[in-house]
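Data first, discussion second: the structure below is written as structure tokens.
The values are calculated or read from the model by the stated rules, or taken from the named source; none is laboratory data. Worth saying up front: this structure is predicted, and the values here are computed from it rather than measured. Because the Cβ atoms are built from the backbone with ideal geometry, glycine has one as well, and the counts that use them run over all protein chains shown. Only protein heavy atoms, including side chains, enter the accessible area calculation; ligands, DNA and RNA are left aside. Shrake-Rupley method; radii C 1.70, N 1.55, O 1.52, S 1.80 Å.
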Amino acid sequence: MQQKGWLIVAVGIMIGIFVLTGCGIQPAANAEKGNSAAEKQELYVSAAASLTDVMKELAADYKKENPNSHIIFNFGSSGALQQAIENGGTADIFFSAATKQMDALDKAGELAPDTRRDLLVNEVVLIVPKGNAKQVQSFEDLNTGKVQKIALGEPKGVPVGQYSEEILKNLNLLDSIKPKVVYGSDVRQVLSWVESGDADCGIVYATDAAISSDVDVVAKAPNGSHKPVVYPAAILKSAKNTAEAEKFMKFIMSDSSKKVFEKYGFEVK
């Protein structure tokens, strides 16, 4: 009986040690996991399609200085991004290719106070497939037999489409060329149609034309033919990571980021 009693005591001690040790280890593991999660900074950026290349490079530069940062981009037409934000889509920062969409969000009370900045300026150009087999030389050539298919951005939600229609109206060309027009969902679709030869020409931003080796620029939009192409950015009131958003906004307005924007053909305001 004495041996049996000691055995019960010994087993009890071992169980106690196991429980205490287990309890001690588990909180430590959870604390370590919690610290790791706290260090990771996710930032959601909705940006105009024409910013795809430059923003990816800037994000890579930012991550070098902020290794725990994880930037998640949503690229598309500014109009589609605006609607997504209005419908509750996740975004900390909105970077538009026109003031119209930013104005709408501002009016709807979606922007964080005093965070809106007009950052960039772009140009609008007429492009053709590399080699210019159709010998298109000007916007006026759109209304001739040289051109059968013209790629434009969809004007309701794509800023480059809105600028394009403004240009064509001012040149008294819009109504006569409409039967030839095909509409892209964003500026990069317009670019891809011209690159592939699916369209004889298209109207895009100068920065989009500059990244492609498969198109030629044949004309720039005449001075005064459209509103200035201004790119505003702002932090959203619904941002889940305001501190990181402010940090990234400060970064993209820095001198080093200015050089990257200029490398891609943007004019920094």
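For Lys130, the lysines whose Cα falls under 18 Å of its own Cα, not counting residues fewer than eight places away in the same chain, are Lys146, Lys149, Lys220. Couplings 3J(HN,Hα) for segment 47-63, derived from phi with the Karplus relation 6.51 cos²θ - 1.76 cosθ + 1.60 (θ = phi - 60°), are 9, 4, 4, 5, 9, 3, 5, 5, 5, 5, 5, 5, 5, 5, 5, 5, 5 Hz, where x marks Gly and Pro.
Sequentially through segment 198-210, phi angles give Karplus couplings (6.51, -1.76, 1.60; θ = phi - 60°) of 5, 10, 6, 6, x, 10, 9, 7, 4, 5, 5, 4, 5 Hz, Gly and Pro residues having no value and appearing as x. Taking a straight Cα-Cα cut-off under 16 Å and skipping sequence neighbours fewer than 8 places away in the same chain, the lysines within cross-link reach of Lys240 are Lys40.
For Val124, nonlocal amide neighbours, meaning residues 5 or more places apart or on other chains whose placed amide H falls under 5 Å from its own, are Ala206, Ala221. Accessible area per residue for segment 128-187 is 47 Å², calculated with a 1.4 Å probe on protein heavy atoms, without ligands, DNA or RNA. Using C-alpha pairs under 8 Å with a sequence gap of at least 6, the mean separation divided by the residue count of the chain gives a relative contact order of 26 percent. When Cα Rg over 2.2 N^0.38 Å is calculated for this entry, the matching label among [x] 1.49; [y] 1.03; [z] 1.18 is [x].
Expressed as a whole percent, the accessible surface of segment 81-122 that belongs to carbon and sulfur atoms is 41, based on a 1.4 Å probe.
Each Lys and Arg adds +1 at its Cβ and each Asp and Glu adds -1 at its Cβ; summed about the Cα centre, the chain shows a dipole of about 480 debye. The calculated pair-distance distribution of segment 62-104 uses every alpha carbon pair, bins of 10 angstrom beginning at 0, and gives 25, 46, 23, 6 percent.
Compactness of segment 38-90 is given as radius of gyration and Dmax, 12.3, 34 Å, from Cα positions.
A Förster radius of 45 Å combined with the Cβ-Cβ distance from Lys178 to Asp61 puts the calculated FRET efficiency at roughly 0.55. For Thr242 and Val121, the difference between the fully extended length at 0.36 nm per residue and the C-alpha to C-alpha distance is 41.0 nm. Between segment 90-148 and segment 227-245, the C-alpha centres lie 18 angstrom from each other.
Taking N as the residue count of segment 119-269, its C-alpha radius of gyration divided by 2.2 N^0.38 Å amounts to 1.15.
Per residue, the accessible area of segment 198-269 comes to 50 Å² when a 1.4 Å probe rolls over the protein heavy atoms.
Work through the residues other than Gln135 whose Cβ is under 9 Å from its Cβ and net out their charges, Lys, Arg +1 and Asp, Glu -1. For residues surrounding Gln135, the net value is +1.
For the pair Val268 and Asp114 in one chain, pulling the backbone fully straight at 0.36 nm per residue adds 53.5 nm over the alpha carbon distance.
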